[in-house]
Structure formats: structure tokens, C-alpha cells
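Chemist: Before anything else, here's the structure in question.
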Amino acid sequence: MLIFLGVLAAGAALVFGVPAYTISSYFKHRPLPPDWSIEKIQRSLGRWTLGLTLLAVTMLIPLVLLLFRANVFGWRWPFSFLNILAFHYFLALLSILAIAKVRQRIRVLGQLSPSASSSPSPAVIVAAVSTVLAWALGIGTVAFGGFFTAMAGMGWGRPLRINGKTVRPKLKRGDDWAQGERANAASLDADTKKALEALWLHDAKKEHASVPAFSRLGWQLAGIGAPPELLRDVHLAAIQEITHARKCFAMAASFGEAALSPEPIPEVFDDRCGYKDRPVIGIAVDSLIDGCLLEGFNADTAAESALPCKDRASLRLIKQIASEESSHAELAWRIVAFCLTQEPRPAAEALSKAASGIDALDRPTAASSQVRPLVAKADAQALRDFGRLPDEEFDALWRRRVDATQRRLVDLLKPLPSTRTTPALLSR
Ligand SMILES: [Fe+2]
Ligand SMILES: [Fe+2]
């Protein structure tokens with residue numbers, strides 16, 4: 001994170017510091033042209049400030065794109081909201097300092113009359129506007145990122161990340177995947193049925209995407225010489241995800257007018273595996289986040305959702321998912337442990353750093369942004385009876401899972417040589 005902030009600070013210093021220094025040096029070493037009036041200097045400063053503001057805005061475009069990638073495509077860190085917001089404040093501060101420096105230089109040279117210095121000059125006004133703009137863009141960027149994060153939804157499976165992007169299949173009409181028990185939806189109103197169909201379809205897509213996610217993990221584990229038990233259990237998990245996906249599609253069909261099934265996922269052909277350098281480290285960190293944390297959280301939410309569930313078919317499926325997702329999380333811990341035997345110190349440092357960053361991750365939500373309006377119209381008690389909890393009940397589960405993941409990692413790392421980042425994790 002420090003390196004990331006350092007790079008951003010260097011970029012900002014170049015944008016604001018160099019022009020400020022150049023203007024300052026210009027006035028220091030050369031007398032002002034005789035035809036330059038205070039008004040002309042102020043106009044000139046205004047143009048400089050406008051230029052600086054435009055540069056700042058231009059710099060924000062790649063930042064917004066980075067944030068978009070961070071939330072939609074799964075770049076987890078160091079591109080957290082807080083970093084981005086902090087950087088915008090930093091930009092705003094530098095813009096003020098740059099203008100203040102120029103004004104100070106002019107005042108020292110005795111070119112600014114007392115009456116002009118007592119009232120805000122256009123340059124200061126533009127600096128203030130640029131500051132507000134930078135803050136507004138910062139807050140807007142966070143809201144923008146939050147919107148896409150909210151689209152993430154819950155889902156019960158290991159995320160499929162292809163070249164840093166989280167991928168899920170689109171849907172088409174078809175009942176080839178809808179195989180499993182159906183819920184008894186006879187008593188439900190139309191709005192509640194729509195919400196339940198959308199919620200189960202969202203889960204079905206994610207369960208389906210976890211199948212290639214585990215298949216690819218099998219390839220990767222073979223690439224780092226993992227033992228047969230891990231390869232076997234990863235393939236078993238892929239088969240369990242196929243069952244989850246089929247049953248989720250069937251459950252969705254209980255509430256909809258027609259069954260849906262997944263379309264092809266051509267993105268899998270773009271996969272570059274993402275672990276060209278240090279695959280052991282990459283697999284360890286991804287297993288910690290996607291397996292230990294996210295599949296562990298999925299198991300928690302499923303177990304909690306089962307408690308109020310009254311529909312028998314829904315309850316059976318949710319309980320099966322809770323149990324098998326929990327086993328997938330345990331499998332991820334075994335993969336992490338294996339990676340630690342392969343490259344103890346670098347893996348320990350990378351895992352420790354990743355675990356410290358978990359606090360900044362956004363919690364998966366109970367419903368995606370597309371599904372949320374449908375949930376709002378549905379009968380809340382009926383949703384609960386069919387094993388669907390409101391989003392606010394996920395908060396405590398998430399905090400508990402984050403805490404448990406970090407503590408378990410600390411325990412796992414204890415027998416290993418101490419790392420640079422573990423003390424920070426321990427001090428939580
Ligand atoms: Fe899973
Ligand atoms: Fe699953």
C-alpha cells in the first residue's frame with residue numbers, strides 16, 4: 001500500500017509541484033515585463049489553475065477505470081476505496097499549495113497591492129473550485145465503485161476470475177441445467193416469486209462459474225506439484241458445484257414461468273492463468289480470499305439462511321450448500337498450508353499481507369443491485385420462510401468470518417519464521 005501511495009504521490013507532485021516551481025522560479029529570476037498589470041498576472045494565474053485542474057481531472061480518468069476494474073473485475077488491492085479517496089484529498093491539498101506558493105512569490109516581489117491581497121483573487125477562487133471538484137470527484141468515484149460492488153450479489157461458490165475479471169455466464173431459455181427439487185411456491189404472491197426467482201438465478205450463475213474455477217485450480221495445483229489428495233478434492237468440489245448449479249437453476253424455476261440455463265462462457269479461452277511469476281504465492285493468496293474467506297462466508301450465510309427456512313426443498317438445498325461450501329473453505333486452508341510448505345517465507349509474507357487487507361474488502365451483499373428492487377417489493381416474511389435473509393443480517397456474519405480468517409492464518413503462520421507483516425495482523 002505504501003508503494004502504491006508513493007507512486008500516486010509522485011504523480012501528483014509532478015502534476016502540481018513542477019508547474020508551481022516553474023512559475024515561482026520564473027518570477028524569482030526575471031523581472032516582470034513592464035506591461036504586466038496585477039490583473040494580467042491574476043488572469044495568468046487563473047489560466048494556470050485551470051490547466052492544473054484539467055490535469056487533475058485527466059488523472060482521475062485512469063483512477064476511475066482502476067476503481068472500475070477493482071470492483072467489477074476483482075482487483076482486490078491496493079486499489080481500495082480509501083486509497084482512492086485519500087489520493088483525491090491529496091490532489092486537492094497540492095492544488096491549494098501550488099496556488100498559495102505562486103501568490104506568496106508574487107507578494108514577496110511586491111507586485112500585489114495590499115487591497116488585492118486582502119480580497120480573494122481569481123486564482124484562489126479557482127483553487128477553491130478545483131479543491132471542491134477534486135473532493136466531489138473523489139466522493140463520486142467511491143459512490144461509483146460502491147454501485148458496482150453492490151452488483152456483486154451473494155452467490156454460493158468460488159468466484160471464477162479470468163485475467164483479473166470475475167466472470168459469470170449469461171442466461172438463456174432451457175431446462176437442461178434445472179435438475180433438482182422444486183419449492184412449493186403456491187402460497188406466494190407474484191412479486192415475491194419474481195424476487196425469489198431472481199435471487200436463485202443469481203446464485204445459480206455463480207455456482208455454475210465455480211465449476212471452471214475449480215477445474216482451473218486443478219490445473220494450477222498440478223503445475224506446482226500438489227499431492228493427489230488436493231487434486232482429487234478440488235475435482236470433487238467442481239462436481240459438487242455442478243450439483244449446486246443444477247439445483248439452484250431448478251429452484252429458480254420453481255418461482256418463474258420457465259426454466260433458464262447458462263450460456264457458453266467464451267471468456268475461459270482468454271485465460272492466462274495469471275500466475276506467470278510465483279504461482280505458489282498466487283495460488284496461496286487466491287485460496288485465502290476466494291476459498292478460506294469467501295467460501296467460508298458463503299457457508300456461514302447459507303447456514304444462517306437455513307434457520308428460518310420453512311420450505312422443505314429450499315431447506316434441503318441450503319443445508320447441502322452450507323455443508324459443502326464449508327468443506328470447500330477447508331480445502332482452501334489445506335491448499336494454503338501446502339503452499340506454505342513449498343515457499344515458506346515468501347508465502348507467509350504474501351498471505352499475511354493479504355489477510356491484513358481483508359478489512360478493506362467489501363462484503364458480498366444478500367442481493368445484487370439488479371435484484372434489490374425486486375426484493376424491496378417482495379413479502380419480507382415470505383422471503384425469510386424460503387431461506388432468504390435481509391442484507392443487514394450479513395454484517396455480523398462477515399465481521400465474524402473476517403476475524404476468524406485472520407486469526408486462523410496467524411495460528412497457521414506461528415510455527416513459521418516471523419514475517420514483516422504478521423505483527424500488524426496480530427495487533428488487530
Ligand atoms: Fe464452493
Ligand atoms: Fe457451491
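What follows draws every value from the coordinates through simple rules; no lab data is involved. Predicted model only: the values in this text are computed from it and were never measured. Virtual Cβ from ideal backbone geometry, glycine too; neighbours counted across all protein chains shown.
Chemist: Applying the selection to the range 177-195, what residues are buried (at least 23 other Cβ atoms within 10 Å of the Cβ) and in contact with a Leu (Cβ under 7 Å, 6 or more places away or on another chain)?
Modeler: Across the range 177-195, the qualifying residues are THR192, ALA195.
Chemist: While we're looking at this one, here's another question. Can you pull out the residues in the range 202-254 that are within 12 Å of ligand 1 (Cβ to nearest atom), over 23 Å from the mean Cα position of the chain (by Cα) and either at positive phi or of a type in the set (Gly, Ala, Ser) (or both)?
Modeler: ALA237, ALA238, ALA245
Chemist: On to the next question. Take ALA313 and decide whether it is under 30 Å from ASP191 (Cα atoms), among the hydrophobic types (A, V, I, L, M, F, W, C) and within 14 Å of ligand 1 (Cβ to nearest atom).
Modeler: Answer is no for this residue.
Chemist: Search the range 268-292 for residues being hydrophobic (A, V, I, L, M, F, W, C) and within 30 Å of GLY174 (Cα to Cα), and hand back the single one that is farthest from ligand 1 (Cβ to nearest atom).
Modeler: PHE269
Residues checked against (1) in contact (Cβ under 8 Å) with a residue 12 or more places away in the chain; (2) in a helix (DSSP H, G or I); (3) closer than 26 Å to LEU317 by Cβ:
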{"position": "LEU331", "(1), (2), (3)": "yes, yes, yes"}
{"position": "LEU351", "(1), (2), (3)": "yes, yes, no"}
{"position": "ALA355", "(1), (2), (3)": "yes, yes, no"}
{"position": "ASP362", "(1), (2), (3)": "yes, no, no"}
{"position": "SER369", "(1), (2), (3)": "yes, no, yes"}
{"position": "VAL375", "(1), (2), (3)": "yes, yes, yes"}
{"position": "ALA382", "(1), (2), (3)": "yes, yes, yes"}
{"position": "LEU389", "(1), (2), (3)": "yes, no, yes"}
{"position": "ARG400", "(1), (2), (3)": "yes, yes, yes"}
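Chemist: Can you name every residue in the range 350-368 that is over 15 Å from the mean Cα position of the chain (by Cα) and either within 18 Å of LEU188 (Cβ to Cβ) or surrounded by fewer than 18 Cβ atoms within 10 Å (Cβ to Cβ) (or both)?
Modeler: Selection gives ALA367 alone.
Chemist: Quick check: is even one residue across the range 255-267 buried (at least 22 other Cβ atoms within 10 Å of the Cβ), within 16 Å of ligand 1 (Cβ to nearest atom) and more than 13 Å from LEU171 (Cα to Cα)?
Modeler: Looking through the range 255-267, none of the residues is buried (at least 22 other Cβ atoms within 10 Å of the Cβ), within 16 Å of ligand 1 (Cβ to nearest atom) and more than 13 Å from LEU171 (Cα to Cα).
Chemist: Also: Between a residue in the range 270-296 that is aromatic (Phe, Trp, Tyr) and any residue that is assigned to a helix (DSSP H, G or I), which pairs come within a Cβ distance under 6 Å, given they are 6 or more apart or on different chains?
Modeler: TYR275/GLY282
Chemist: Residues in the range 320-332: is at least one more than 16 Å from ligand 1 (Cβ to nearest atom), over 17 Å from LEU230 (Cβ atoms) and either surrounded by fewer than 18 Cβ atoms within 10 Å (Cβ to Cβ) or of a type in the set (Phe, Trp, Tyr) (or both)?
Modeler: no
Chemist: Residues that are part of a loop (DSSP other than H, G, I, E, B), more than 16 Å from ligand 2 (Cβ to nearest atom) and either in contact with a strand residue (DSSP E or B) (Cβ under 9 Å, 6 or more places away or on another chain) or in contact (Cβ under 8 Å) with a residue 60 or more places away in the chain (or both): does the range 229-246 have at least one?
Modeler: no
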